[in-house]
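What follows is a structure written as structure tokens; I'll ask about it next.
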Amino acid sequence: MLYNQAGTFTNERISMSVTVVVGLQWGDEGKGKVVDLLAQDADIVIRSTGGNNAGHSIINEHGKFVLHLVPAGIFNPNTWNVIERGVVIHPPSLMKEMQELRSKKVSFDRLMISPDAHLVMPWHIAEEYARKEEQQKYGVGVEIGTTLRGIGPAYQHKAGRTEAFTVADLISRDQFIQKLEKIGAPILAWLKIRYPNADTLARLTLDVIRDEYLEAREYIAPNIRNTRQFIRSALMSDLPILLEGSQGTLLDPDFGTYPFVTSSGVTASAMCMYSGVLPQYVSRVVGVAKAYITRVGEGPFPTEMAPEDGFRIRELGKEFGATTGRPRRCGWLDMALLRYACEVNDINEKLEIAFTKMDILGKLEHVKLGLYYENSGNHFDVRSLDSETPVYAMLRGWGDLHRIRSHDLLPRDAHAYLWEMRQHGGLCWPINYISVGPERDQTILSVGA
Ligand code: IMP
């Protein structure tokens with residue numbers, strides 16, 4: 001039941017114009033390319049969670065880019081791009097990202113930033129460095145291997161409520177300065193007592209922060225708008241909307257490999273929640289999975305490759321963090337985890353898969369595919385993966401796929417891999433895209449395999 005224009009109830013159908021792109025692994029699945037492809041048909045692209053811990057690599061007619069906070073629809077002059085309330089924004093980083101894109105003639109006339117998004121403050125970043133140092137020196141707490149972008153401490157302050165800053169705080173210059181003095185001063189003083197040996201904290205002063213944030217404020221303030229109203233109207237008008245995911249399902253704090261996860265929800269439903277898009281509007285969920293898996297940071301990884309294969313794939317697939325440059329750990333595709341991630345994200349039973357980097361995996365002579373876990377089969381606990389031993393199918397590599405654009409023309413060994421994923425790996429969701437290279441057109445479409 002909906003209100004119609006006249007404010008009375010109506011039984012009109014609910015529009016289903018929303019596509020969600022979600023990572024099905026530990027991030028870095030190649031979402032950037034998929035979002036860039038789908039953004040061409042979207043009137044609105046929304047980034048709803050995470051921060052500049054994310055790094056979406058995109059190659060298109062404008063050049064080669066890594067986006068951290070700016071939604072990927074920014075390259076299309078007719079698309080509106082929204083940074084929604086679930087995102088944590090580090091204003092100086094957003095400013096830098098916008099400046100770099102502007103220098104390549106990208107326009108920001110159609111970027112909207114929710115006033116309710118939270119800010120990453122310099123003390124969040126400094127605290128994360130200090131925690132890491134303490135962890136390494138004294139073994140205090142769990143080593144997660146974060147991106148050191150202040151994401152965890154920023155979400156901690158959001159949940160704590162009394163010491164958080166939001167984009168709305170940037171609207172008035174004077175009020176921002178007042179709040180910085182009132183709230184920032186005691187936070188800094190306390191952190192300096194808590195971490196007396198932390199260099200990054202010792203160097204931090206309110207004056208430095210004020211200047212840095214006021215400069216960034218000038219730059220981004222014109223893009224602060226009432227995004228809720230805008231999204232609501234777009235839904236009512238049936239406009240095609242794309243929710244752009246960051247990180248991946250296994251990094252979700254509730255459904256991932258906790259505590260080795262990020263701090264914001266990253267599943268398809270979390271994206272709906274943090275953009276104010278009710279899940280019933282979702283007509284497609286495109287889950288992105290790589291033909292092998294990578295993970296940065298610490299945490300269990302049942303199908304992690306032996307060092308020789310890991311090294312080879314890392315070099316072939318350029319598996320180094322888009323945000324931090326860290327080498328990614330590499331592993332074989334794990335069907336138990338893939339099935340799990342598909343189940344978690346299958347809103348309205350509309351999940352389909354975009355399968356990426358199949359060209360890279362095929363370059364190995366021998367390929368393994370994790371089918372299920374020896375002990376627990378399908379009934380594993382995602383928080384206890386350390387105790388799992390995968391059972392593998394052994395297959396042959398399929399060679400170069402760069403020039404292939406049709407499912408039928410895939411080599412026999414590539415078909416064998418896809419068949420094995422279904423037949424013994426239990427995959428029952430369609431694979432509708434296969435990516436065979438980084439360029440937009442290196443994509444096999446509508447496979448339905
Ligand atoms: P944080 O999000 O910086 O707190 O990091 C927590 C964990 O999530 C670490 O293991 C990071 O490496 C991982 N992580 C966060 N963002 C990404 C991403 O965009 N790709 C891959 N891993 C990520």
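Values in this text are rule-based calculations from the coordinates and carry no lab data. As the structure is a prediction and not an experimental result, all values here were calculated from the model. Methodologically, a virtual Cβ is constructed for each residue, glycine included, from the backbone with ideal geometry; neighbour enumeration extends over all protein chains shown.
Would you mind giving the average projected area, over all directions, of the Cα convex hull of segment 344-449 in nm² with one decimal? Show your work: numbers first, answer last.
Numbers: hull surface 30.8 nm².
For segment 344-449, averaging the hull's shadow over all directions gives 7.7 nm².
Translational diffusion coefficient, Stokes-Einstein: compute it for segment 71-210 using the Kirkwood radius over C-alpha pairs as Rh, at 10 °C and 1.306 mPa s, and state it as an integer in µm² s⁻¹. Walk me through the numbers before you get to the answer.
On the way: Rh = 16.6 Å.
Result for D is 96 µm²/s.
Quick one: putting +1 on the C-beta of Lys and Arg, -1 on the C-beta of Asp and Glu, what dipole do you get for the chain around its Cα centre, in Debye to the nearest 20? Intermediate results must be reported in sequence, preceding the final value.
Details: 49 positive and 54 negative charges, 123 e Å.
Dipole size: approximately 580 debye.
When all alpha-carbon pairs of segment 326-375 are counted, what percent fall beyond 11 Å?
Working: 956 of 1225 pairs.
Above the 11 Å cut-off, segment 326-375 has 78 percent of its Cα pairs.
Please give every one of the aspartates and glutamates within straight-line cross-link reach of K350, meaning a C-alpha to C-alpha distance under 19 Å, and leave out same-chain neighbours fewer than 8 residues apart.
Within the straight-line limit of under 19 Å, K350 reaches these aspartates and glutamates: D41, D238, E244.
First check a/c for segment 235-370, with a ≥ b ≥ c the square roots of the eigenvalues of its C-alpha gyration tensor; if it is under 1.5, answer rounded, and if not, answer prolate when a/b is larger than b/c or oblate otherwise.
Working: a/c = 2.14, a/b = 1.81, b/c = 1.18.
Here segment 235-370 falls in the prolate category.
Oh, and also: Using the alpha carbon gyration tensor of segment 301-391, what are the three equivalent-ellipsoid semi-axes (square root of 5 times each eigenvalue), largest first, in whole Å? Can you show the working numbers first?
On the way: eigenvalues 112, 63, 38 Å².
After scaling each eigenvalue by five and taking roots: 24, 18, 14 Å.
May I ask which residue of I434, M358, V45 lies farthest towards the positive end of the charge dipole of the chain, with charges of +1 (Lys, Arg) and -1 (Asp, Glu) on Cβ and the Cα centre as origin?
V45
Could you rank the peptides 291-303, 358-370 by their average count of other C-beta atoms within 10 Å per residue, with the highest value first? Don't skip to the end; give the middle numbers.
Details: 291-303: 22.3, 358-370: 19.8.
Output ranking for 291-303, 358-370: 291-303, 358-370.
Next question. Students often check this: by mean Cβ neighbours within 10 Å, which of 121-128, 156-163 ranks highest, and how do the rest follow? Present the calculation step by step, with values, prior to reporting the outcome.
On the way: 121-128: 23.5, 156-163: 12.5.
Per-residue mean Cβ counts within 10 Å order the peptides as 121-128, 156-163.
Just flag the trypsin sites (Lys or Arg not before Pro) in segment 374-449 sitting in loop per DSSP whose Cβ has no more than 10 other Cβ atoms within 10 Å.
Those satisfying the criteria are R403.
In addition: Looking at the chain as a GNM with Cα springs under 10 Å, which of H379, H424, H402 has the largest mean-square fluctuation?
Most flexible of the set in this elastic network: H379.
With N denoting the number of residues in segment 153-236, provide Rg(C-alpha) divided by 2.2 N^0.38 Å, to two decimal places. If you can, show how the numbers build up before the last one.
Values: Rg = 15.9 Å, N = 84, 2.2 N^0.38 = 11.8 Å.
So segment 153-236 has a normalised radius of gyration of 1.34.
Quick check on my link table: of K64/K96; K31/K104; K132/K192; K31/K368, which ones sit more than 19 Å apart, alpha carbon to alpha carbon? It would help to have the intermediate numbers written out before the result.
Details: K64/K96 16 Å; K31/K104 22 Å; K132/K192 15 Å; K31/K368 23 Å.
Checking Cα-Cα distances, K31/K104; K31/K368 exceed 19 Å.
Convert 37 °C to kelvin, take the viscosity as 0.692 mPa s, use the Kirkwood radius over C-alpha pairs of the chain as Rh, and evaluate the Stokes-Einstein diffusion coefficient in µm²/s, rounded to a whole number.
Working: Rh = 22.9 Å.
It diffuses with D of about 144 µm²/s by this estimate.
Roughly how large, in nm² to one decimal, is the mean projection of the convex hull of the alpha-carbon atoms in segment 1-150? Provide the component values of the computation, followed by the final result.
On the way: hull surface 49.3 nm².
Dividing the Cα hull surface by four gives the mean projection, 12.3 nm².
May I ask you to give the average projected area over all directions of the convex hull of the Cα atoms of segment 286-327, in nm² rounded to one decimal?
Details: hull surface 15.0 nm².
It is 3.8 nm².
Do you know the relative contact order of segment 63-170, to the nearest whole percent, from alpha carbon pairs under 8 angstrom that are 6+ apart?
Working: 138 pairs, mean separation 28.8, N = 108.
Contact order relative to length: 27 percent.
Relative contact order for segment 389-442: what is it in percent, counting Cα pairs under 8 Å that are at least 6 residues apart? Don't skip to the answer; put the middle values down first.
Numbers: 26 pairs, mean separation 21.5, N = 54.
Answer for segment 389-442 is 40 percent.
Okay, moving on. Only counting other Cβ atoms within 10 Å, I'd like R339, R232 sorted with the fewest neighbours first.
Working: R339 18, R232 13.
So the ranking, lowest neighbour count to highest, is R232, R339.
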